[in-house]
Every structure is written in C-alpha cells, then in structure tokens.
Amino acid sequence: MKKKPKKNPRGRFVMLYQDLIESVAWKSLNGDARSLYLNVAAKYNGKNNGRISFSAREAAPALNISRATTARAFRNLIDRGFITIAKRSGFNLKRGQDRATEYRLTEYPCNVTGKRAGFKFKHWRRGKNGSENISRSDHGDRPVRPRGPTGPTTGTERNRSLD
C-alpha cells in the first residue's frame, strides 16, 4: 500500500531555486518586483499555473506600495521573463463579470495548456548602455523591438513627408 505524503506542519511555502536567484534578470529586479514575485508564487498551488489571478489593486495593499508601483513591478517581471500573461483582465458590463489578469510562472509547466516550463528569465540580458529593454516575446525567442516614434519628429519634417 502506498503511503500518503506527509504534509508540512507549517503549511505551504514558496521555493526559490538557486538558478533563479543567481540569474542576471533576478539581480536586476528591485525589491518591489522581487516581493511581488514571491506573492504571485505563493498563489501557485502546483495545479493552477496559468490561472494565477492577482491584480495590481489586490497586490498593492499586500506589498504596502501604490498601484502604480505594483503595475510597474508586474511589467518588470513580465519583461524579464519570470511571469507571462495567460489571460488578460476584462470587465463586461452586460454579464457583470470582472476578472483579474491570470499569470503563469515560467519556471513551471502550464497546467492550462500543458506548455513546458520556459525559464525565460534565464535568457534575459541587460541592454547596451545599461538600458533594460532587451526581452523576448511570447511568440518565440526573437527580440522585441522597443516602441517609440519612428517618423519625423518636428512639424516641418512631418509636413514635408506628407507631400
């Protein structure tokens, strides 16, 4: 007869692997983003990766920081490859449904799609001149181009380009 695994008397815990802590991406995170990652990881129960629901509104009081700072920490975690968005948030007035964005931890397989662990944070590198805009897209491992103005910047140049 198979024995049941002994439960931890202290309850659930968050485990951080050494390769995560020693990664360039982890070392580049500030304390707010690291704390947020621990809170997102604490919501992972081994069966819900890809369905981890956590909003900036919910996280802000838990971390004792503003919603704007929380949103920035979420963006940093996504940019560096620690989490990905599995399902975007939305609000439907007709149905009365309000749902937070659902995340997936990239160090574990997705329980929704069966996608293997991607460890995207291992591939993150700091950009040239200390900028931190080098990341990988969710659609393969090709670099994401930084967004910004690509055309003429002054009104005169803009008018000339229209002629």
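The values are calculated or read from the model by the stated rules, or taken from the named source; none is laboratory data. The structure presented is a predicted model; accordingly, all values stated were derived computationally and were not measured. The accessibility values were calculated without ligands, DNA or RNA, using every heavy atom of the protein model including side chains. Shrake-Rupley method; radii C 1.70, N 1.55, O 1.52, S 1.80 Å.
Can you give me the % of accessible surface on segment 1-123 that is carbon or sulfur? Probe 1.4 Å, all protein chains present, nothing else counted.
50
Amide H to amide H, with H built 1.01 Å from N, Gly118 comes under 5 Å of Tyr108, counting only residues 5 or more places away or on other chains.
Full extension of the chain segment joining Ala71 with Ile21 gains 15.8 nm, where the gain is 0.36 nm per residue of separation less the Cα-Cα distance.
Remark on Arg99: its backbone amide H falls under 5 Å from those of Gly90, a criterion applied only to residues 5 or more positions apart or on other chains, H modelled at 1.01 Å from N.
Only lysines eight or more places from Lys122 in sequence, or on another chain, were considered; those with a Cα closer than 16 Å are Lys27. Put simply, the amide H of Ile83, placed in the peptide plane, has neighbours under 5 Å in Ile78, Thr106, leaving out anything fewer than 5 places away on its chain.
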